[in-house]
Amino acid sequence: MESAVENDVLHETVSSELEDILSDTQLSYGRRIQSATRLELNILFRLAAPAVVVYLLNNVTSMSTQIFCGHLGNLQLAAASLGNNGIQIFAYGLMLGMGSAVETLCGQAFGAKKYEMLGVYLQRSTILLMATGVPVTLIYIFSKPILLFLGESTAIASAAAVFVYGLIPQIFAYAANFPIQKFLQSQSIIFPSAYISAATLVVHVILTWVTVYKLGWGLLGASLVLSFSWWIIVVAQFVYILMSERCKKTWGGFSTLAFSGLWSLLKLSTASAVMLCLETWYYQILVLIAGLLENAEIALDALSVCMTISGWVFMISVGFNAAASVRVSNELGAGHPKSAAFSVVVVNMSSFIISVIFAILVLVFRHHISYIFTSGSIVSDAVSDLTPFLAVSIILNGIQPVLSGVAVGCGWQAFVAYVNVGCYYVVGIPLGCLLGFKFELGVKGIWSGMIGGTVMQTLILLLVTFRTDWDLEVEKSRKRLDKWEDKRQPLLD
């Protein structure tokens with residue numbers, strides 16, 4: 001394993017080399033692009049590959065719970081889908097969104113070599129997220145009346161509520177996990193999280209099988225095991241931070257600075273949360289709206305399969321999202337505008353190509369993919385009918401999350417939040433409801449309208465990114481770090 005010093009020297013050397021290549025006017029344009037692309041791809045996939053593994057394994061952990069529940073019956077599959085994709089995703093989106101604030105600060109601070117501030121940002125973010133988890137718990141407790149108010153059937157709402165009760169401990173696991181995860185990612189430390197997630201998945205599958213089938217605890221047992229598995233990830237990652245040589249410079253112990261500057265961080269976290277929550281919740285609202293259709297159980301089962309597959313592929317894009325955020329924030333913090341701009345192009349193209357490949361695979365196996373989750377032929381036919389919409393969503397998800405990662409790396413969260421409100425909630429959802437209910441196109445209409453909102457948002461972000469003045473972004477990064485840096489205070493005993 002590289003020592004902390006070796007890792008920092010390697011990061012600085014590679015980053016400077018890329019900037020030098022892009023700035024070398026003695027080389028032809030083609031040679032510059034060729035050399036820079038080779039170097040950037042090497043950096044990118046060293047970041048993206050383990051990040052993809054982490055997010056995929058975490059997603060498979062949740063998906064395996066849904067699979068176990070699905071084989072108990074169609075009602076249990078619908079309940080787990082609604083609980084996981086309807087209620088639980090609220091906490092996930094909120095915590096992930098608020099955690100992206102520390103991603104911006106840690107990434108730019110690491111690039112600027114202000115290592116001592118990373119641990120302080122981690123602690124501040126964890127305090128805020130834990131406090132946020134308290135009111136979120138009330139939503140879980142009153143999930144049944146909330147679902148009934150939204151128009152879900154009594155049977156599905158009751159079963160989903162039982163599943164959601166077991167996910168309450170997961171809220172606070174999210175609150176601790178995302179700051180830790182962003183703290184490590186900003187330093188390009190991702191492989192340890194991948195190993196931890198892989199080990200946790202094995203434990204999770206075994207415990208879920210025992211709990212659901214041997215002990216007969218059903219939906220509640222499945223969700224409790226899922227919460228427990230997330231806490232395993234949190235504890236293991238924190239133990240790594242305490243013991244790793246690579247975190248010696250960035251983790252100095254618990255500091256009194258963690259309790260200062262919380263109001264300023266809350267404002268930045270709120271902007272980050274609004275941005276990413278609106279993105280994370282968008283397609284989950286599709287599941288809730290579909291529950292209002294006739295024959296809602298079949299519609300929810302088919303959508304649950306599609307959303308699970310989409311979520312699995314989406315995790316790959318989220319891995320590239322993390323890589324984009326790390327690359328952009330590190331390069332801006334280091335004062336390398338050309339490297340930051342070039343990394344944006346390479347990461348977007350890489351993610352797009354991979355998403356197209358997966359979209360093609362989904363179309364090829366459209367008649368078979370549902371049998372992973374359920375043996376019902378009715379659900380299989382419904383899934384096959386929705387596969388073209390799934391393929392389009394997968395392709396869009398190959399671009400949009402990566403652009404969001406660029407936004408986080410630059411600190412554009414507030415701007416993107418406004419874009420998301422307009423494209424998703426003023427255009428996408430109303431258009432989907434109009435097509436689905438007024439024009440009686442059902443799930444296809446709802447999904448078509450929401451795809452329209454995603455296309456609009458993606459085009460806007462592409463235009464803004466293309467027109468970005470990266471020299472100006474470097475200057476903004478310096479001012480941001482100067483504003484957030486505080487004098488060190490004695491560590492707590």
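The values are calculated or read from the model by the stated rules, or taken from the named source; none is laboratory data. Quantities reported herein were computed from a predicted structural model and do not represent experimental measurements. Virtual Cβ from ideal backbone geometry, glycine too; neighbours counted across all protein chains shown. Calculation scope for accessible area: heavy atoms of the full protein, side chains included, ligands and nucleic acids excluded. Shrake-Rupley method; radii C 1.70, N 1.55, O 1.52, S 1.80 Å.
The angle separating the long axis of helix 29-70 from the principal Cα axis of greatest extent in the chain is about 30 degrees.
State which entries of 114/479; 338/476; 267/338; 182/249; 182/476 exceed 24 angstrom in Cα-Cα distance in the structure shown. Exceeds cut-off: 267/338.
If you take all other residues with their beta carbon under 14 Å from the beta carbon of residue 87, and give Lys and Arg +1 and Asp and Glu -1, the sum is 0.
P(r) tail, the chain: Cα-Cα pairs separated by more than 33 Å, 36% of all pairs.
As a size descriptor, the averaged projected area of the C-alpha convex hull of the stretch 224-358 was calculated at 12.7 nm². Summing Lys and Arg as +1 and Asp and Glu as -1 over all other residues whose Cβ lies under 14 Å from the Cβ of residue 275 gives a net charge of -1. Using Cα pairs closer than 8 Å and at least 6 residues apart in sequence, work out the relative contact order for the stretch 290-364, in percent. Normalised by residue count, the contact order of the stretch 290-364 is 24 percent. Rounded to the nearest 10 degrees, the angle from helix 337-364 to the longest Cα principal axis of the chain is 20 degrees.
Normalised by the number of residues in the stretch 198-328, the average gap of Cα pairs under 8 Å and 6 or more apart makes the relative contact order 11 percent.
Considering all C-alpha pairs of the stretch 8-137, those separated by over 19 Å amount to 70%.
Rolling a 1.4 angstrom probe over the protein heavy atoms, how many square angstrom per residue are accessible across the stretch 288-356?
That works out to 26 Å² for each residue.
Accessible surface of the stretch 116-171, 1.4 Å probe: 82 percent of it comes from carbon and sulfur atoms.
All other residues whose Cβ lies under 15 angstrom from that of residue 32 are scored, Lys and Arg at +1 and Asp and Glu at -1, for a net of -2. Shown for the stretch 284-334: the carbon plus sulfur share of the solvent-accessible area, taken with all protein chains present and a 1.4 angstrom probe, equals 60%. The stretch 71-146 and the stretch 197-255 have their alpha-carbon centroids 15 Å apart. Based on the convex hull around the alpha carbon atoms, the stretch 250-295 presents an average projected area of 5.6 nm². For the stretch 94-226, report the accessible area per residue in Å² (1.4 Å probe, heavy atoms, rounded to an integer). Solvent-accessible surface per residue comes out at 32 Å². The angle separating the long axis of helix 400-410 from the principal Cα axis of greatest extent in the chain is about 30 degrees. The calculated Kirkwood hydrodynamic radius for the stretch 146-297 is 18.5 Å, given to one decimal from all distinct C-alpha pairs.
Its relative contact order, with pairs defined as Cα atoms under 8 Å and 6+ residues apart, puts the chain at 22 percent.
Legend: calculated FRET efficiency, residue 206 to residue 384, from the Cβ-Cβ distance at R0 = 35 Å, rounded to 0.05, equals 0.60.
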